[in-house]
Structures are given as structure tokens and as C-alpha cells.
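Data block below; observations after.
The values are calculated or read from the model by the stated rules, or taken from the named source; none is laboratory data. Because the structure is a prediction, the values reported are computed rather than measured. Here Cβ is always computed from backbone atoms with ideal geometry, including for glycine, and neighbour counts include all displayed protein chains.
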Amino acid sequence: MKDKPERIQTARLVLRPITEEDWPDMRALLYDEEIKKTYMIPDFPAEEDALRLFRRFRDLSREPRRFVFGADCQGRLIGFLNDVHMENDAIEVGYVIHPAWQNQGYATEMLRAAIRALFDMGFGTVRAGFFEDNIPSRRVMEKSGMTATGETEEIEYRGIKHRCVYFEISK
């Protein structure tokens, strides 16, 4: 596999490493209750715990072999995309866009760009999962050319059992 690109430019976004200056925007993402319904983020007993997770994302976004990017729109971090699991030439990704920026095509734009970059890096399959009732995430995957794998998984999150549905696209 090739190293990831330093930045990925789309029509409206720059996928780039996360910086210390992104903390206020990342904090808003990590604490957002709407995001927490569909993206598995822990509750933070203290601000230091959230800051520790932020710094982990920041550090991973700088590693050439980890596919972690902040989604920058006009100088603001509006979301992020990260690798969840890698095996052979397959990679699973997760992604988040702040609710104030949702329903404007940013998640689709980000995922499409990530898929192209991952194929260029040498991955043959890109997959992602979503909680079955998260229709917007399903639509993002469909618009990005991904199709259902037929694989599902029961995941307990925040005291609720969710059916996770997986989609993928191959080169």
C-alpha cells in the first residue's frame, strides 16, 4: 500500500490533517448529541477525556499509514473521516459531518474523495457500516457507489441494540 496523500481537495472541502487549532470545532463534534446517536462516541467524564480523544485523532491524522482526515470547509473543521479496520486490501471507514452542515452533500463529497484516494493507495475494497435507521448515512453510501454486502451485525450502543448494515465498493 502507498502512503495516504497529505491532503485531498474536493470542490468544497479539503481533507487534511487535524491540527491543535481544530479543538473547538472537534469538541463540538465530539459532544454533539445528534452525532452521538449514529457515530459511536463515548461520553466524557471530564473535558480532559475529550481532549485526549481529540489528540489521538490529531496524531493519527499525521500518520502516513492511517486514513484519518479532518474535513475543512472554508477554514472550519466540519467533520472527519477515519479508518475503522484494515485487512489485506480492504478498509472500513467511518465519517461524521456536524449537523449544521448536513443535508448539503458534504458527507457524500468527502466519502467519494476518500474512496478515490483509497483506491489510488492500493486498497481494493472500501466498506462502511451504519445503524439501520440512519437513512441519511445509507444514502451517502449509495450516492458514493457503495452497495449492501448482505452482512449485518447487532451492536449495543448507549443501552440500545442497533442493527448495523454494511456497504462496500470494490475497485
Item to check | Only listed residue being of a type in the set (Asp, Glu), in a helix (DSSP H, G or I) and closer than 20 Å to Asp59 by Cβ, chosen from Asp25, Asp3 | outcome: Asp25
Item to check | Test: Ile78 is over 13 Å from Ala114 (Cβ atoms), buried (at least 16 other Cβ atoms within 10 Å of the Cβ), among the β-branched types (Val, Ile, Thr) and touching a strand residue (DSSP E or B) at 6+ places or on another chain (Cβ under 9 Å) | outcome: yes
Checklist entry - List the pairs whose first member sits in the stretch 11-24 and is over 11 Å from Phe69 (Cβ atoms), whose second member is of a type in the set (A, V, I, L, M) and surrounded by fewer than 18 Cβ atoms within 10 Å (Cβ to Cβ), and whose Cβ atoms are under 9 Å apart, counting only residues at least 6 apart or on separate chains? => result Trp23/Leu51
Next on the checklist: Looking at Arg138, Arg76, Arg158, can you tell me which residue is out of contact with any His (no Cβ under 7 Å at 6 or more places or on another chain), modelled with pLDDT under 95 and not polar (S, T, N, Q)?
Outcome noted: Arg158
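Among Arg66, Arg127, which is surrounded by 14 or more Cβ atoms within 10 Å (Cβ to Cβ), of a type in the set (D, E, K, R) and touching a Lys or Arg at 6+ places or on another chain (Cβ under 8 Å)?
Values: Arg127 fails: touching a Lys or Arg at 6+ places or on another chain (Cβ under 8 Å).
Unique residue meeting the criteria: Arg66.
Just checking, which of Ile160, Ile97 is more than 26 Å from Ile18 (Cα to Cα) and aliphatic (A, V, I, L, M)?
Working: Ile97 fails: more than 26 Å from Ile18 (Cα to Cα).
It is Ile160.
Within the stretch 30-52, how many residues are more than 23 Å from Val165 (Cβ to Cβ), surrounded by 11 or more Cβ atoms within 10 Å (Cβ to Cβ) and aliphatic (A, V, I, L, M)?
Total meeting the criteria: 3.
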Checklist outcome for this item: Expected single match for assigned to a helix (DSSP H, G or I) and at pLDDT 95 or above among Ala148, Ala128, Ala117 is Ala117
Checklist entry - Consider Met1 against the criteria (1) surrounded by fewer than 16 Cβ atoms within 10 Å (Cβ to Cβ); (2) in contact with a helix residue (DSSP H, G or I) (Cβ under 6 Å, 6 or more places away or on another chain); (3) among the hydrophobic types (A, V, I, L, M, F, W, C); (4) farther than 23 Å from Glu168 by Cβ: it satisfies all of them except one. Which criterion is unmet? => result (4)
Checklist entry - Of all the residues that make up the stretch 91-146, how many are free of Cβ contacts under 8 Å to residues at least 60 places away in the same chain, of a type in the set (A, V, I, L, M) and under 12 Å from Gly79 (Cβ atoms)? => result 5
Item to check | Criterion violated by Thr38 - all others in (1) touching a helix residue (DSSP H, G or I) at 6+ places or on another chain (Cβ under 6 Å); (2) within 27 Å of Arg116 (Cα to Cα) satisfied | outcome: (1)
Checklist entry - Is the stretch 48-66 home to any residue that is acidic (Asp, Glu), closer than 13 Å to Arg27 by Cβ and either in a helix (DSSP H, G or I) or in contact (Cβ under 8 Å) with a residue 12 or more places away in the chain (or both)? => result yes
Next on the checklist: in a strand (DSSP E or B) and of a type outside the set (Lys, Arg): is that true of Val140 in this structure?
Outcome noted: no
